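A short write-up of the structure that comes next.
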Amino acid sequence: MKEKIESKRKTNKIKIVFICILVIMVVIYAGYTAWQLFIHPTDVFLVEQGSISEEQKVEGYIIRRETKVQGNNYKNGMVQIKTEGEKCAKDENIFRYYTTGEEELIKKIQELDEQIGEAQKKSTNTVFPGDIKLLDEEIDLRLSEISQNNNVQKISEYKKEIENYITKKTNIVGENSEAGSYLSNLIQERKKYENQLNSGSEYIKAPMSGVVSYKVDGLEEVLTPDDFSSYNRSFFENLNLKTGQTIATNTECGKVVNNYECYIATILKKDQLHDIKQGSKLDLRLSNGDEISSSVEYLMEQTNDDVLLVFKITKDVEKLISNRKISFEIIFWQYSGYKVPNTAIIKENDLAYVVRNRAGYLTRVLVKVEKQNESYSIIDNYSSDELKNMGYNSSELNVSTKINMYDEIQTTANKDVQ
């Protein structure tokens, strides 16, 4: 019995020693592997669809065809008929100035309306009840139509009709009631104040069709598209504008802006131009991330290697009305496809390769580099015709010629795989 126990103890000791040795070996191997990765890091990148681009961040000045409008009574304050950003037709009323003493006149008219209403209550039961009833029905009908309509123009028309019906009702009662003389005097006094109110209001019409804006900064006649050659770096700097600052709303005047096109002018150095020419079509990225299409309307070399660039915008013009100087990015080119890090590309004999990793099995894959920026490349597979035209075939190259979506590729190590 003792011999069996002793034998079992020896066996357990051997097992413990074996396990300890195994743990030590695993720790040593893990440490060695970690050290090797530190010296020669191996990153795996998953091939997916993506895009790369070449961009230049610049500051630009918004140039619009716009007309400032201001009346004689601008000190009286204004009432907006057309709101900010609302479209208007030529000769349409866009805002009006208050009449001198308008608040007092309105108060007097309201007081007279109350007096007329009280007088009508005492008289409508005795004179022409049928006519009064019809007018009341028309007023109720128009009030119902106003509550169910969202069209500003229609609502304005209905309100005008209601005023006419009320005036007719007042005239009927005033001319035919026992209190006709009293009512007639009230009506005449109201008309006098109403005429005074209307005659003193100055309505401002749109000089052209476009978008109404009350963001007036005094540069409407300075930054115009009439002569781009007059603009240069010193001209823009002397405007002393802050980038991204929103133009304040003016309470004395407004303007109408051409909403079909506007321009953004910027100054670049000659070596930043890339291949831009007059007529080139480029996307611009605004500070909020929106991308808008543009074409180069004007390009002129100036002193000190400066180049004046003017981009023409024909869509989303309304997005730029609130600003005069903005920060944006010129996107010289954008390219989409299989996006991989430049560190994954191996260049040999004018050919490009990546190393694919499938379950630890590494294979070189011949790829075509379509476009490249500082960090990433867009790659694709060569067609069989392209390989033939290059004078190669896959058997001669002894590499794979097919890269697929979601393949894993090495980015920094094992690039010497055959």
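The values are calculated or read from the model by the stated rules, or taken from the named source; none is laboratory data. Worth saying up front: this structure is predicted, and the values here are computed from it rather than measured. FYI the Cβ positions are ideal-geometry reconstructions off the backbone, even for glycines, and counts take in every protein chain you see.
Below, the figures for the structure above:
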{"quantity": "Qualifying position, being in the same structural domain as residue 365 (by TED's automatic domain parsing) and over 21 Å from residue 54 (Cα atoms), among 350, 305", "calculated": "350"}
{"quantity": "Selection from region 211-234 of residues that are outside any loop (DSSP other than H, G, I, E, B) and closer than 15 Å to residue 324 by Cβ", "calculated": "213"}
{"quantity": "Residues of region 250-296 satisfying the condition of being crowded, with 16+ Cβ neighbours inside 10 Å, of a type outside the set (Lys, Arg) and within 20 Å of residue 84 (Cβ to Cβ)", "calculated": "250, 253, 254, 256, 257, 258, 259, 262, 286"}
{"quantity": "Residue match in region 243-262 (condition: of a type outside the set (Val, Ile, Thr), over 30 Å from residue 97 (Cβ atoms) and more than 16 Å from the chain's Cα centre (by Cα))", "calculated": "no"}
{"quantity": "Residue identified as closer than 18 Å to residue 47 by Cβ, surrounded by fewer than 19 Cβ atoms within 10 Å (Cβ to Cβ) and free of Cβ contacts under 8 Å to residues at least 12 places away in the same chain among 392, 335, 361", "calculated": "361"}
{"quantity": "Some residue of region 281-294 being of a type outside the set (Ser, Thr, Tyr), without any contact (Cβ under 8 Å) to a residue 40 or more places away in the chain and over 30 Å from residue 249 (Cβ atoms)", "calculated": "yes"}
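Results for (1) aliphatic (A, V, I, L, M); (2) touching a Leu at 6+ places or on another chain (Cβ under 7 Å); (3) exposed (fewer than 13 other Cβ atoms within 10 Å of the Cβ), shown as yes or no for each residue.
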site: 212; (1), (2), (3): yes, no, no
site: 217; (1), (2), (3): no, no, no
site: 220; (1), (2), (3): no, no, no
site: 226; (1), (2), (3): no, no, yes
site: 236; (1), (2), (3): no, no, no
site: 244; (1), (2), (3): no, no, yes
site: 247; (1), (2), (3): yes, no, no
